[in-house]
Amino acid sequence: MKPIFPKRIALIVILSLLAVCEISADNENDQIPQPQIPEGYKNKTIRLVGGSNYFPYEFLNEKGEPDGFNVELIKVVMDKLGLQYEIHLGLWPDVMAQMERGDADVMLGVINSKEREMSMSLTVPHSKIYLSYITRAEDRLNSIYSLSGKTIAVDRNGISHHYISAAGITRNLALYDDTSIAVQDLEKGKVDAVLCPSVISHLLLKANKNKGLKVHHIDEPYYSLSFGVNKGDSELLTLVNMGLMQVILNNEYSDIYKKWMGSYERHHVSRPMAIIFLSLVSLVLVAGVFVILLRYRINKVIKRLCHSENNFREIFNATTEGIVLESMRGEILDCNQGALDMFGYSKEEFLKIDPDLILAPNRLLREEQLAYLSNHDFYTYERMARKKSGLVFWVEVSLKKIILDGQETTLSVVRDISLRKKSQKELMEAREELIIAMRIGKLTAWVYDVNNDYFYNLHGNLITGKMTIEDIFARMIPEEVPRYRSLYQEMCSGKRSSSEYILRIYSSTAPNTILSYETRAFAIKNDDGEVIRLIGTQRDVTEELKMRKELVDFRVRTDFIMKSTGMLMWLYDTRDRTFISSDSLFVRPNIHVGVDEYLTYIFHEDLNNYMDFLDKMDVHTEDKLNLEYRFHVPNVKTPTWEVVEAMPLDRDENSVPIVYIGLVRNNNKWRAMADNLIKLRLKAEEANVMKSSFLANMSHEIRTPLNAILGFSQLLYSAQSDEERAEYVERIKKNNDVLLELINDILDISKLESGSLKLFYSNLSVNGLIDEVFNTFVYKKKEGVDIRLALLEEDIIVNSDKLRLIQIVTNFANNAQKFTHSGYVEIGASMVGSQHFEIYVKDTGIGIPPERQKSIFERFTQVDDFAQGTGLGLPIAKQLSELLGGYIGVESAVGKGSRFYAVFPCCKS
Ligand code: ADP
């Protein structure tokens, strides 16, 4: 296609413009505030990304470096801002993906569209893209709609693709990644048209000169081009916008634009414009070069100013921050849409409003600000502002003095920071809560920087100075160091993400004092999965552990005391009237037992006493209570005696006891001892009585023969005849015998009791012994009572005290004769097994009741108190038998008779 301007005319116009019009844009950028770079961006490298094959906007040049209009523009913007950056160009989908992931900060060349605005924040547009389509010259495809049904080549996912799809042409599309190849295919007839940005069509056509291709420009719609900033990074968005504003308002933007688009722009002037320009040129020719040049100069200046004004307006209004221009007197001169949106006023209202009401409530502050601005570029402050609705919110205001129309004015950039403030407040509150919680929990927290090997405090002052891990190990108990060393290694290497332990370290202030800390540590990793920090909380549990140990010791001691003394401890709660005890002897250990249930275990006779005892606790009459009672231990038949002592343990706010502690001990042993003592006392009393009766009896027994002896001795003097005298002598002799026997018995028993009785052993024939006693008794035989003899079938010789054996059998025989009134008395011996023999006396006398059979062998016992005798015979026989190595016994039935026997071993052991 031929250029619309003849080259020569164009050259004249340009040269004239350059010669005549010296447009000075110097100092213009001074009025644009130099933005303050937030701390976070000062040392940060901003990652800029873009497509690698969008010539002339962004592409990799022959050296493989990022180049093009967008690239150069952003570089100037970044340099203006003084930010560090790096540019990476790549395939469009990769670049988009990087932005979506948040791996990149700014994207070059973003077409303004709703979808894009959804995914990123767009700067104010910095240029426009028009579209063109290329056809073969012979094809008469003069309107975009004439392409319908033809094969159209578009750049894949590019603007042309977007445009044609939006125009409803979706069929017969050929998608290309490289438009120059599409142009080659157009020449070969493979496609009918190539749709692409005008600037590209221009360049491609230039390259394909004389090859019969034709470009058709499309005036509407056009696309605005912006930079895309990560959504949410409003600080960066503001910065880039301000940088862009500075670049647009001075010559730099025009120079870059001219460099990359300038030659094309000439060709792209639309047809009506071209006609105007042609007319202008004609006028120039007619009215003279000077007029033309002057007018052209004015036009150019106006155009430039309009361009700047428009750009500025666009930025002014597009930014979401509020921009307010105030006179030094404090009247609002102008504001942008952002300010109106922010405060909720219409422009008319806003221009009339007293700024004090919305921004600076106090003049002094304003004066302070202005004074500050006389030495500084910016005054940035945070304050509360008020919306039209009355709602108060937080804003950050950056104030700068600027000269506008020769007048000093202030420019405030107002940013709504309510959200930031809110989250800051929440963060502060959360932090405060955390600190309070840590204080309450007596927690301290530390951080260990793994790479630099040092600990520092997060909360509290646990770490003093700069401590390394070895400093910590040095304070630990040496034997425990290896364990902690491996634990820390596991955590630092990422093998273990958390751990809990009791750390024991020597106190730094009190030597030899070991402090115990309950510690929880967590490993924090970076994006590469390396552990960079350990964070830990610690609680000093030294006292707690000490107390716990003392408590355990105390429990062990108490348990031991309780167990060894057989005591049980319970607690009684007066509020719900329940007992509880952990003792295994308690009816239901560790379970609350109500009084009703507990009383079922109390022995019925002691129930009233126990209820009194409970009442005393319930109404609290005494501080020390005790009771002895019987208790039915489960599964034990007889109730056990128990003694309980109780006293208050816990009291309510009025000092009234609510919990009593009771100690219960088994009293069976003491009870048994007491019972025994009572029995012994009774027995002693009984023995005393018996002794008295024995003495009375004895004196009677002694006096009777003595009286007889004395009486008959006196009668001897007055005896009339020899017969009479002989009878008295006989009676005296008889009573002498009785007296002698009695005294012998007394002597024997006292000898036996004192252990001084002597035995005289000799070999003797058992049958001989029995026979001897028998002969004595035959001689004393009572009328009606036979005396029988029962000898061993085979006599045996034993070694024993013959006289004492005779004494035993004689005693048996005496008694038998005394208590037998008919029948017989049998004196005999028999073998008991092969090793023992017995000597016995059997009678058919009165017999002895069973309950007396045992006691007759005890001293001073007589079955019948009125019978003659001392009651010493059998006890003597019993003790003699035992002295001779044998034992004594009786079998008897009342009315039938008795059999007394003494059993001895055949051989003396
Ligand atoms: P005593 O000298 O009084 O007879 P003993 O010790 O020999 O004393 O006897 C004690 C008592 O045992 C007698 O008083 C009598 O009551 C009873 N007794 C002993 N032998 C017999 C027996 N063969 N038949 C019935 N009662 C007997």
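No value in this document is a laboratory result; all are computed from the given coordinates. Treat the numbers as computed from the prediction; the structure is a model and nothing was measured. When we count neighbours, we look across all protein chains shown, and the Cβ atoms used for this are built from the backbone with ideal geometry, even at glycine.
Amide H to amide H under 5 Å from Val541: which residues, 5+ apart in sequence or cross-chain, H placed 1.01 Å off N in plane?
Answer set, sorted by chain and number: Ser516, Tyr517, Glu518.
Mind pulling the angle between the C-alpha long axis of helix 251-268 and the longest principal axis of the chain? Nearest 10 degrees, somewhere in 0 to 90.
Long axis of 251-268 versus the principal axis of the chain: about 60 degrees.
Between Cys906 and residues 5 or more places away or on another chain, which pairs have amide H atoms under 5 Å apart, with H built 1.01 Å from N, and which residues are they?
His836, Phe837
With labels modelled as points extended 7 Å from the Cα through the Cβ direction, what inter-label distance (nm, one decimal) is found for Arg533 paired with Glu138?
7.5
Going Cα to Cα from Lys780, which aspartates and glutamates come in below 19 Å? Please leave out same-chain ones fewer than 8 positions away.
Glu727, Glu730, Asp737, Glu741, Asp771, Glu772, Glu826, Asp843
Let me confirm the definition first: pairs of Lys residues in the stretch 188-242, 8 or more apart or on different chains, C-alpha distance under 19 Å. How many are there? Let's see the in-between values first.
Working: Lys188/Lys206; Lys188/Lys209; Lys188/Lys211; Lys188/Lys214; Lys190/Lys211; Lys190/Lys214; Lys206/Lys214.
Final tally of qualifying lysine pairs is 7.
Taking the alpha-carbon distance from Lys758 and a cut-off under 20 Å, which lysines remain once sequence neighbours fewer than 8 residues away in the same chain are dropped?
Lys802, Lys878, Lys908
Which stretch or stretches of the stretch 528-545 have amide N atoms under 14 Å from the point lying 7 Å from Ser493's Cα along the Cα→Cβ direction?
531
Taking 0.36 nm per intervening residue step and subtracting the Cα-Cα distance, what contour gain separates His821 from Arg483 on full extension?
Taking His821 through Arg483 to full extension adds about 111.4 nm, to one decimal.
Given R₀ = 56 Å, FRET efficiency for Glu794-Lys733 by Cβ-Cβ distance, to 0.05? Mind showing how you got there, number by number?
Values: r = 40 Å, r/R0 = 0.71.
Taking R0 as 56 Å, the efficiency between Glu794 and Lys733 is 0.90.
Fewest to most neighbouring Cβ within 10 Å: what's the order for Thr45, Thr238? Let's see the in-between values first.
Working: Thr45 11, Thr238 21.
Ascending Cβ contact count within 10 Å gives the list Thr45, Thr238.
Once R0 is set to 45 Å, what does the formula 1/(1 + (r/R0)^6) return for the Cβ-Cβ distance between Ser346 and Lys42, expressed as a FRET efficiency to the nearest 0.05? Don't jump to the answer; show the numbers that get you there.
Values: r = 40 Å, r/R0 = 0.88.
My answer for the efficiency is 0.70.
Report the calculated FRET efficiency for Ile661 and Lys751 (r = Cβ-Cβ distance, R0 = 60 Å), to the nearest 0.05.
Plugging the Cβ-Cβ distance into 1/(1 + (r/R0)^6) gives 0.45.
Spin-label point model (7 Å from Cα, Cβ direction): what's the Ile403 to Phe473 distance in nm?
If labels sit at Ile403 and Phe473, their model points lie 6.9 nm apart.
What are the semi-axes of the equivalent ellipsoid for the stretch 674-827, taken as the square roots of 5 times the Cα gyration tensor eigenvalues, largest first, in whole Å?
Working through the eigenvalues yields semi-axes of 31, 29, 17 Å.
Show me 892-899, 164-171, 191-198 ranked by packing, highest mean number of other Cβ atoms within 10 Å first.
Numbers: 892-899: 16.1, 164-171: 13.0, 191-198: 25.8.
The peptides rank, most packed first, as 191-198, 892-899, 164-171.
When DSSP assigns beta bridges and you keep just the ones with both residues in the chain, what percent turn out antiparallel, to the nearest 5?
About 85 percent, rounded to the nearest 5.
With a/c under 1.5 counting as rounded, go ahead and sort the stretch 766-909 into rounded, prolate or oblate using the C-alpha gyration tensor (a ≥ b ≥ c being the square roots of the eigenvalues; past the cut-off, prolate if a/b is larger than b/c, else oblate).
It comes out oblate by the Cα gyration axes.
By how many nm would the segment from Leu551 to Lys691 grow when fully extended, if each residue of separation counts as 0.36 nm and the alpha-carbon distance is taken off?
Extending this stretch completely gives an extra 44.2 nm.
Chymotrypsin sites (Phe, Trp or Tyr not before Pro), restricted to the stretch 491-598: which are DSSP loop and have at most 15 other Cβ atoms within 10 Å?
Filter output for the stretch 491-598: empty list.
Enumerate the calculated ³J(HN,Hα) couplings along the stretch 805-815 in order (Karplus 6.51 cos²θ - 1.76 cosθ + 1.60, θ = phi - 60°), each rounded to whole Hz, writing x wherever the residue is Gly or Pro.
In residue order, the calculated couplings are 5, 4, 4, 5, 5, 4, 4, 4, 5, 4, 4 Hz.
Hey, fewest Cβ within 10 Å first, where do Ser127, Ser754, Ser493 land in order? List each step's numbers first, then the result.
On the way: Ser127 21, Ser754 8, Ser493 12.
Least to most surrounded, the residues fall as Ser754, Ser493, Ser127.
From the phi angles alone, apply the Karplus equation (6.51, -1.76, 1.60; θ = phi - 60°) to the stretch 820-826 and give each ³J(HN,Hα) in whole Hz, x where the residue is Gly or Pro.
Result, rounded to whole Hz: 10, 10, 7, x, 8, 10, 10.
Sorted from fewest to most neighbouring beta carbons within 10 Å, what does the list Ile856, Ile797 look like?
Lowest to highest Cβ neighbour count: Ile797, Ile856.
Output ³J(HN,Hα) for the stretch 390-397: one whole-Hz value per residue in order, computed from phi by the Karplus curve 6.51 cos²θ - 1.76 cosθ + 1.60 with θ = phi - 60°, and x for Gly and Pro.
Rounded to whole hertz, the list is x, 5, 9, 8, 8, 10, 10, 10.
What residues qualify as long-range amide H neighbours of Thr578, i.e. H under 5 Å apart, gap of 5 or more or another chain, H built at 1.01 Å from N?
Long-range HN contacts for Thr578: Asp573.
Students often forget the sequence filter, so: which aspartates and glutamates lie under 12 Å Cα-Cα from Lys563 once same-chain residues fewer than 8 apart are removed?
The qualifying aspartates and glutamates are Asp583.
Once you have the Cα-Cα distance between Ser327 and Ala167, take 0.36 nm times their residue separation minus that, and quote the gain in nm to one decimal.
52.6 nm
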